[in-house]
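A.B. asks: Pasting a structure here, questions to come.
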Amino acid sequence: MTAISFDPFSDAQRENPYPAYAELRRRSPVAKVEKMGAYAVARYEDVAYVLRHPDLFSSSAMQTAMASPLFHGGDASSPPSPAETERLAQAIAAMPVPLAEWMTTRSLIASDPPAHGAMRSVVNRGFTPRRIAELEKRVRAIARQTLGAVEDKTDVDLVSELFTPLPVRVIADLLGIESERAADFKDWSDCVVTGSTGAAGKSGPAVMLEGVGGLLGYIMEDVERRRGQTRDDLIGALIRAEDGDAALTPLDVANFALLLLLAGNETTTNLLGNVLIALLAHPDELARVTRDPSRIPALVEETLRYESPIQFLFRQTTQDVEIAGVSIPSGSLVMPLLGSANRDEAQFPDPNRFDVARDTQGHLAFGLGIHFCLGASLARLEARVALEELLARYPGFEHCAPRVQNVDSYVVRGPKRLPVRLTA
């Protein structure tokens, strides 16, 4: 293992991670991240191997790593300030359940077989191909309504005006919760993302728990209100599973719904933002898609490869393993770099070129194996419909800001704001 410096928490890495990824692939495809004691895996073949072998690489790390103060760059050598300590204490006190109880609650993304299969089978009922296909009419209606609200504007922040409300309203419909609380859901989601994976320093755990507490409290109240009801939505399906094979507890139900609400709005919002940034930077590709809207699904797939909304995951080795000639001890934290794998020249020729005609088959933006994103088909539907409606109305647009302000996260990649000038 060649020793090179790789810091996934640096501002430079967050601004543009791809040069460092390329260096890793060339010189150190498995690199030690000293700050975390983790092993970053950079090449496509090796990332795919990690994701395909849950017996060797446990997903339990998704729960433990995200809660680590080291994860968001905090300095463990100096204590937090009194104000930070007080904020954390208040966030813990405001949690609707004891913190220790929530921390040990099962999570779909942090589970391994055989428990994972039983848990996922419950949620899969809400994401069948038939159910997703039936959603298109509703998704299109929301997209048109949202765009109609900005039709008198010339300068628009597409993230706040379209790319956030669309997926929030869709996942709220699926879960069976009130989409009128969309602004609250987004605020809570942002707290979870930036608090657990951003540059929040020692305030990070408090920020994360403020978001978790808000979301969890709302969902737990909703679950309690539903007792005795039979409703055909995802929360209804989860409640009915309390006595089934998955044996979900009330807190399990709320935690499931929390994860779905988080993933259901963050991934699609950032995917859509990344699509528009790529089109702004590649006007020839924009013209290509505008001339032929049938290329929009290919545009979505190329963006997923080119700017993966989730840049890396966490796994923990269950035994001593070897990757690319590097020995990794049992119990080690491993970071499969999805963003690097999707720019691997061995898998995708000329990977830094954005090309909507590219063969993107096999990209890892939605993961691989048993943890392949269960909402992938929904995200693709939402992105396709939103772009069809947007480009049909506004075939021309230009960026109104000198630079893109990204989401405050080392894991999630996408614009926090995207002010553009629209032309019909």
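A.B. asks: Would you call E161 over 30 Å from C400 (Cα atoms), in a helix (DSSP H, G or I) and acidic (D, E)?
C.D. replies: Here the answer is no, as E161 does not meet what is asked.
A.B. asks: Got at least one residue in region 294-303 being touching a residue at least 60 places away in the same chain (Cβ under 8 Å), in contact with a helix residue (DSSP H, G or I) (Cβ under 7 Å, 6 or more places away or on another chain) and of a type in the set (D, E)?
C.D. replies: No - not one qualifying residue is present in region 294-303.
A.B. asks: Output the residues belonging to region 268-292 that are touching a strand residue (DSSP E or B) at 6+ places or on another chain (Cβ under 7 Å) and of a type in the set (V, I, T).
C.D. replies: Hit for region 268-292 is I277, nothing else.
A.B. asks: Name every residue in region 365-424 that is among the β-branched types (V, I, T), in a loop (DSSP other than H, G, I, E, B) and more than 30 Å from F256 (Cβ to Cβ), in order of residue number.
C.D. replies: Within region 365-424, just V404 meets the criteria.
A.B. asks: When you look at L280, is it part of a helix (DSSP H, G or I), more than 15 Å from the chain's Cα centre (by Cα) and modelled with pLDDT under 95, yes or no?
C.D. replies: So L280 fits the description; yes.
A.B. asks: Please verify whether region 331-342 includes one or more residues that are part of a loop (DSSP other than H, G, I, E, B) and surrounded by 18 or more Cβ atoms within 10 Å (Cβ to Cβ).
C.D. replies: Yes, there is a match, as at least one residue in region 331-342 is part of a loop (DSSP other than H, G, I, E, B) and surrounded by 18 or more Cβ atoms within 10 Å (Cβ to Cβ).
A.B. asks: Within region 34-49, take every residue that is within 16 Å of L338 (Cα to Cα) and in contact with a strand residue (DSSP E or B) (Cβ under 8 Å, 6 or more places away or on another chain) and give me the one that is surrounded by the fewest Cβ atoms within 10 Å (Cβ to Cβ).
C.D. replies: This residue is Y49.
A.B. asks: Give the number of residues within region 124-144 that are under 14 Å from D233 (Cβ atoms) and of a type outside the set (D, E, K, R).
C.D. replies: Residues in region 124-144 being under 14 Å from D233 (Cβ atoms) and of a type outside the set (D, E, K, R): 4 in total.
A.B. asks: Within region 51-65, can you find the residues that are over 24 Å from G362 (Cα atoms) and either among the basic types (K, R) or in contact with a helix residue (DSSP H, G or I) (Cβ under 7 Å, 6 or more places away or on another chain) (or both)?
C.D. replies: S60, Q63
A.B. asks: Hey, another quick one. Does region 143-157 hold any residues that are within 22 Å of the chain's Cα centre (by Cα) and not acidic (D, E), and which are they?
C.D. replies: Across region 143-157, the qualifying residue is only A143.
A.B. asks: Can you tell me which residue within region 3-23, out of those that are surrounded by 13 or more Cβ atoms within 10 Å (Cβ to Cβ) and either acidic (D, E) or over 23 Å from the mean Cα position of the chain (by Cα) (or both), is farthest from Q316 (Cα to Cα)?
C.D. replies: Across region 3-23, the extreme among qualifying residues is E23.
A.B. asks: Let me ask something else about it. Among the numbered criteria (1) closer than 26 Å to S107 by Cβ; (2) in contact (Cβ under 8 Å) with a residue 40 or more places away in the chain; (3) not in a loop (DSSP other than H, G, I, E, B), which single criterion is violated by V253?
C.D. replies: Going through the list (1) closer than 26 Å to S107 by Cβ; (2) in contact (Cβ under 8 Å) with a residue 40 or more places away in the chain; (3) not in a loop (DSSP other than H, G, I, E, B), V253 breaks only (2).
A.B. asks: Inside region 50-65, can you point out the residues that are crowded, with 17+ Cβ neighbours inside 10 Å and either among the acidic types (D, E) or more than 21 Å from the chain's Cα centre (by Cα) (or both)?
C.D. replies: Correct list: L56 only.
A.B. asks: Only one of these is part of a helix (DSSP H, G or I), crowded, with 19+ Cβ neighbours inside 10 Å and at pLDDT 90 or above: L147, L174. Name it.
C.D. replies: Just one listed residue meets the conditions, L147.
A.B. asks: Being surrounded by fewer than 18 Cβ atoms within 10 Å (Cβ to Cβ), of a type in the set (G, A, S) and without any contact (Cβ under 8 Å) to a residue 60 or more places away in the chain is true for just one of A346, A392, A376. Which residue is that?
C.D. replies: Only one candidate qualifies: A376.
A.B. asks: Among the candidates E210, E285, which residue alone is more than 20 Å from the chain's Cα centre (by Cα) and either outside any helix (DSSP H, G or I) or acidic (D, E) (or both)?
C.D. replies: From the options E210, E285, the qualifying one is E285.
The values are calculated or read from the model by the stated rules, or taken from the named source; none is laboratory data. These figures come from a predicted structure and were not determined experimentally. For neighbour counting, all protein chains shown are included, and Cβ atoms are generated from backbone atoms with ideal geometry for every residue, glycine included.
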